[in-house]
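Asker: My questions all concern the structure below.
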Amino acid sequence: MTGGSLLELSGVHASYGRISALRGVDLTVAAGRIAALLGPNGAGKTTTLNVAAGLHPADRGEVRVGGRALTGADPVELARRGVCLVPEGRGIFPNLTVRENLWMMTFAGVSRAAVEEIAYARFPKLAGRRRQTAGTMSGGEQQMLSLARGLATDPAVLLIDELSMGLAPLVVAELYGLVVEIARTGVAVLVVEQFASTVLEICDLAAVMVNGRIERAEAPSDGLLADLSALYLGSAT
């Protein structure tokens, strides 16, 4: 299901002290759509996600979720409004069991039972591992748990940072297949990915960020991947 815009960033500027990280970012992600934010390291991709999730303040500009201005809202408020961030590096607690990791999401006002029900319905493989210590699972399973934790709050907006990091291509393909299924339920997905070819096949919008600005935003095409090396220094594959 697709619909109106769920996440909108308008003229967003952000910095770290005197260092400017975002310089007027404009980006819109609609319900049921996947937007890929591409670009080299240091371009501002992760900062964009962190501003959208309330983890880093915007110096100016506006963040809207479901049409509501939420610039400056804290992460808990944004989570309650339906914004979920799956951070780089999986973001799980390796010494806790799978179910204990899921229980950590009750801060968003969802019961333990509901959190588990939602997670296991989407990721049946985790149900059989609910008592397993998360750090003993494979990298792909840990990333699956990270996704499950986010989806346990039934988000409207899902922000994903470097889903493919350190994983084999077949595992990455499986995980992005799950992301497509998630988007089809009406969730707006914004994914940061260093390697463009992993997401161009499944995204609806590809936005290329260079030096804190979105230089190009369009539907994915065969020509875009070939042009990426000219838009920024780095690997397009």
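The values are calculated or read from the model by the stated rules, or taken from the named source; none is laboratory data. Not measured: the values here are computed from a predicted model. Heads up, the Cβs are rebuilt from the backbone with ideal geometry, glycines too, and the neighbour counts pull from every protein chain shown.
Asker: Of all the residues that make up the range 90-111, how many are in a loop (DSSP other than H, G, I, E, B) and within 18 Å of the chain's Cα centre (by Cα)?
Answerer: 3
Asker: Moving on to the next point. Take the conditions in a loop (DSSP other than H, G, I, E, B), free of Cβ contacts under 8 Å to residues at least 60 places away in the same chain, closer than 17 Å to Leu158 by Cβ and of a type outside the set (Ser, Thr, Tyr) and apply them to Gly54. Does it pass?
Answerer: yes
Asker: Have a look at Asp59, Asp26 and point out the one that is of a type in the set (D, E, K, R), more than 23 Å from Asp204 (Cα to Cα) and in the same structural domain as Val208 (by TED's automatic domain parsing).
Answerer: On inspection, the qualifying residue turns out to be Asp59.
Asker: Based on this model, can you work out whether Asn101 counts as in contact (Cβ under 8 Å) with a residue 24 or more places away in the chain, touching a helix residue (DSSP H, G or I) at 6+ places or on another chain (Cβ under 6 Å), crowded, with 18+ Cβ neighbours inside 10 Å and not β-branched (Val, Ile, Thr)?
Answerer: Taking the combined requirement at face value, the residue satisfies it.
Asker: Now, a different point. Between a residue in the range 126-149 that is surrounded by fewer than 17 Cβ atoms within 10 Å (Cβ to Cβ) and any residue that is of a type in the set (Lys, Arg) and assigned to a helix (DSSP H, G or I), which pairs come within a Cβ distance under 6 Å, given they are 6 or more apart or on different chains?
Answerer: Arg130/Arg99
Asker: Which condition breaks for Val115 when tested against (1) of a type in the set (Val, Ile, Thr); (2) in contact with a Ser or Thr (Cβ under 8 Å, 6 or more places away or on another chain); (3) surrounded by fewer than 21 Cβ atoms within 10 Å (Cβ to Cβ)?
Answerer: (3)
Asker: Out of the range 24-47, which residues are crowded, with 16+ Cβ neighbours inside 10 Å and more than 20 Å from Ala219 (Cα to Cα)?
Answerer: Listed by number, the residues that qualify are Ala43, Gly44, Thr46, Thr47.
Asker: With in a strand (DSSP E or B), over 29 Å from Glu141 (Cβ atoms), under 17 Å from the mean Cα position of the chain (by Cα) and not acidic (Asp, Glu) as the only criterion, which of Leu27, Leu7, Leu22 stands out?
Answerer: Leu27
Asker: Quick check on my filter: what residues within the range 196-221 are among the β-branched types (Val, Ile, Thr) and either within 21 Å of Pro169 (Cα to Cα) or touching a helix residue (DSSP H, G or I) at 6+ places or on another chain (Cβ under 7 Å) (or both)?
Answerer: Thr198, Val199, Ile202, Val208, Val210, listed by residue number.
Okay, residues lined up against (1) over 15 Å from the mean Cα position of the chain (by Cα); (2) in the same structural domain as Leu7 (by TED's automatic domain parsing); (3) among the polar types (S, T, N, Q):
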{"position": "Thr48", "(1), (2), (3)": "no, yes, yes"}
{"position": "Val51", "(1), (2), (3)": "no, yes, no"}
{"position": "Leu55", "(1), (2), (3)": "no, yes, no"}
{"position": "Arg64", "(1), (2), (3)": "yes, yes, no"}
{"position": "Gly72", "(1), (2), (3)": "yes, yes, no"}
{"position": "Glu77", "(1), (2), (3)": "yes, yes, no"}
{"position": "Glu88", "(1), (2), (3)": "no, no, no"}
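Asker: At least 3 residues that are surrounded by fewer than 17 Cβ atoms within 10 Å (Cβ to Cβ), at pLDDT below 90 and of a type in the set (Lys, Arg) in each: list the strands (runs of 3 or more DSSP E) lying fully within the range 160-237 that qualify.
Answerer: Counting at least 3 such residues, we get no strands (runs of 3 or more DSSP E) at all.
Asker: Quick one: is Asp26 acidic (Asp, Glu) and modelled with pLDDT of 95 or more?
Answerer: When the stated conditions are applied, Asp26 passes them.
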